[in-house]
1. Please find, within the range 30-80, the residue that is modelled with the highest pLDDT out of those that are touching a His at 6+ places or on another chain (Cβ under 7 Å) and under 15 Å from A339 (Cα atoms).
2. Determine, yes or no, whether K419 is in the same structural domain as S192 (by TED's automatic domain parsing), among the charged types (D, E, K, R) and at negative phi.
3. Identify all residues within the range 1-31 that are surrounded by 24 or more Cβ atoms within 10 Å (Cβ to Cβ) and among the β-branched types (V, I, T); write none if there are none.
4. Within the range 326-350, which residues are closer than 18 Å to C383 by Cα, touching a Gly at 6+ places or on another chain (Cβ under 6 Å) and not in a strand (DSSP E or B)?
5. From L375, L413, which residue is surrounded by 24 or more Cβ atoms within 10 Å (Cβ to Cβ) and in contact (Cβ under 8 Å) with a residue 12 or more places away in the chain?
6. Considering only residues that are of a type in the set (S, T, Y) and not in a strand (DSSP E or B), look in the range 81-128 and name the one that is farthest from I61 (Cα to Cα).
Amino acid sequence: MGRPKALIIGSGIGGLTSAAMLAQTKDYDVSVYERMSFAGGRFTQHDHDGFQIPTGAVHMIPHGKKGPFANLILGSRKRGGLDLSRHGVDFIPTTNFACQIKGGRLYQAKNAFGVLPWFPISDMVNLTRLLSKRAKMPIVGETENGKTWLSKRFSKEFVNFLDSFSNFAVSLRFEQMPATSVIRMLQNSFWSDKPHIPKGGCKGVIDGLRKDLKENGARVKLSTEITEILPGSAEESTKDNEFCVGIRRRGRDSSIWVGADAIIHNGGHPNLLKVLSDDFEVKEEITEQVNNTQAVGGIGFCFALKENVPHQGSGVTVLPEIDRVGGYVIPSFSDPSLAPQGQHLMITHQYVPSSDVKSEIEKGREELYEAIPWLSDYGEEICVHSYHRNWPCNRAPQGSELPADIGIEGIRLVGDGVKSHGWMMIEGISSNISNVVNEIKKEI
């Protein structure tokens with residue numbers, strides 16, 4: 001008998017980090033299958049005339065070197081991390097914790113509490129109470145949304161500021177999330193480090209993960225999709241394994257069967273349920289929960305900026321006076337390699353309140369030029385990305401996460417559909433990786 005075979009479906013940040021944790025033990029035969037022609041999912045980038053255009057993420061690590069993502073990527077192996085600094089992975093702090101443009105004026109804060117002078121003193125008092133409130137676990141049957149809860153305790157200006165940040169970070173407004181999720185998300189934000197930029201952009205992290213996987217004998221196979229998951233006994237060649245997995249190179253008609261003793265799926269619950277054969281029983285309540293969960297869309301613009309742009313900084317800048325666009329970042333002020341010499345890269349993000357994506361793009365563009373007084377003189381639009389259908393911002397809304405365990409031994413899910421309570425973006429994805437990997441180890 002050889003080493004147990006661990007098959008990872010999807011090479012997003014959840015899939016690659018899960019694969020790396022298993023491969024570093026040297027106890028498992030690890031393979032990653034990715035349907036796209038590139039690794040990294042929505043956490044990588046493509047070069048466009050020297051501009052490093054992200055595929056989804058905005059070259060931003062929300063909680064810097066004090067959040068779950070940093071603990072996973074840069075932490076020592078003794079503490080459950082991957083220690084990818086050995087492969088050149090590093091995070092660079094933003095110039096500010098947060099900024100806002102209000103009334104055409106730019107406000108900048110160096111740290112979390114630097115934003116408080118922008119608002120009434122009562123907000124400072126109530127923020128102290130919010131940060132001490134118990135919200136580590138969601139409330140069962142919770143009915144109050146985040147905006148209602150905050151509006152009872154904070155000024156309209158402060159709520160609008162925070163709500164714009166939520167729009168930028170998770171593609172949702174507070175009224176779309178349970179109160180405890182909003183409270184915990186804000187607690188994690190104010191307690192943590194200032195945001196950081198991954199050195200070399202998102203792809204710098206992906207390249208480090210791929211180096212680590214190669215070093216530990218794991219394989220990453222691109223342009224390969226999963227067609228079906230059967231019991232191992234379904235084929236003679238896989239009868240000694242728990243699962244028989246059909247894989248097919250994109251563009252080819254036929255599949256081949258490979259054996260697996262454990263599966264970690266990074267492609268979303270609906271896509272896993274589609275390929276699971278009827279031999280596996282998924283509880284009806286889980287299937288119903290998956291079917292009733294709506295993925296979260298978003299829109300992002302990328303702009304080329306002149307070197308002498310009036311806003312000289314890389315912190316998250318929120319736009320609380322407009323409806324759709326939450327804010328923007330200029331990450332090249334922290335890492336100049338993300339843009340050609342003498343220029344900068346600006347990335348925006350907005351939620352999508354209607355299904356008419358083309359209309360939302362036009363409205364978002366109009367808002368940007370309205371809210372940012374210097375954009376027409378110093379910026380030029382490079383591209384616009386829309387995230388929807390099977391390429392969303394989040395496969396489950398913040399506060400409505402799906403379970404990593406769907407009741408089938410040896411199968412778990414990772415990714416933005418199973419974030420831990422109150423952790424947003426890649427912080428939420430990475431907060432679950434260790435638990436999932438440890439459960440899989442026990443079941444192989």
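1. Within the range 30-80, the match that is modelled with the highest pLDDT is I53.
2. Values: in the same structural domain as S192 (by TED's automatic domain parsing): no; among the charged types (D, E, K, R): yes; at negative phi: yes.
No, not satisfied.
3. I8, I9, I13, T17, V30
4. Selection gives L338, P340.
5. Numbers: L375 fails: surrounded by 24 or more Cβ atoms within 10 Å (Cβ to Cβ).
The match here is L413.
6. Within the range 81-128, the subset of a type in the set (S, T, Y) is 85, 94-95, 107, 122, 128.
Keeping just the survivors that are not in a strand (DSSP E or B) gives 85, 94-95, 122, 128.
Working: S85: 16, T94: 10, T95: 13, S122: 30, T128: 25 Å.
Ranking the qualifying residues of the range 81-128, first place goes to S122.
Residues are listed down the side, and each one gets a yes or a no for (1) outside the structural domain of F51 (by TED's automatic domain parsing); (2) closer than 14 Å to A260 by Cβ; (3) touching a Pro at 6+ places or on another chain (Cβ under 8 Å); (4) in a helix (DSSP H, G or I):
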position	(1), (2), (3), (4)
S189	yes, no, yes, yes
D193	yes, no, yes, no
V205	no, no, yes, yes
R210	no, no, no, yes
L213	no, no, no, yes
G217	no, no, no, no
I226	no, yes, no, no
L230	no, yes, no, no
S237	no, yes, no, yes
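Every residue, every condition in (1) within 20 Å of Y351 (Cα to Cα); (2) surrounded by fewer than 18 Cβ atoms within 10 Å (Cβ to Cβ); (3) among the basic types (K, R), yes or no:
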residue: G104; (1), (2), (3): no, yes, no
residue: K110; (1), (2), (3): no, yes, yes
residue: F113; (1), (2), (3): no, yes, no
residue: M124; (1), (2), (3): no, yes, no
residue: L130; (1), (2), (3): no, no, no
residue: L162; (1), (2), (3): yes, no, no
residue: F165; (1), (2), (3): yes, no, no
residue: M177; (1), (2), (3): yes, no, no
residue: S181; (1), (2), (3): yes, no, no
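The values are calculated or read from the model by the stated rules, or taken from the named source; none is laboratory data. Note that the structure is a prediction, hence the values are computed from the model and not measured. Don't worry about glycine lacking a Cβ; one is built from the backbone with ideal geometry, like all the others, and counts go over all protein chains shown.
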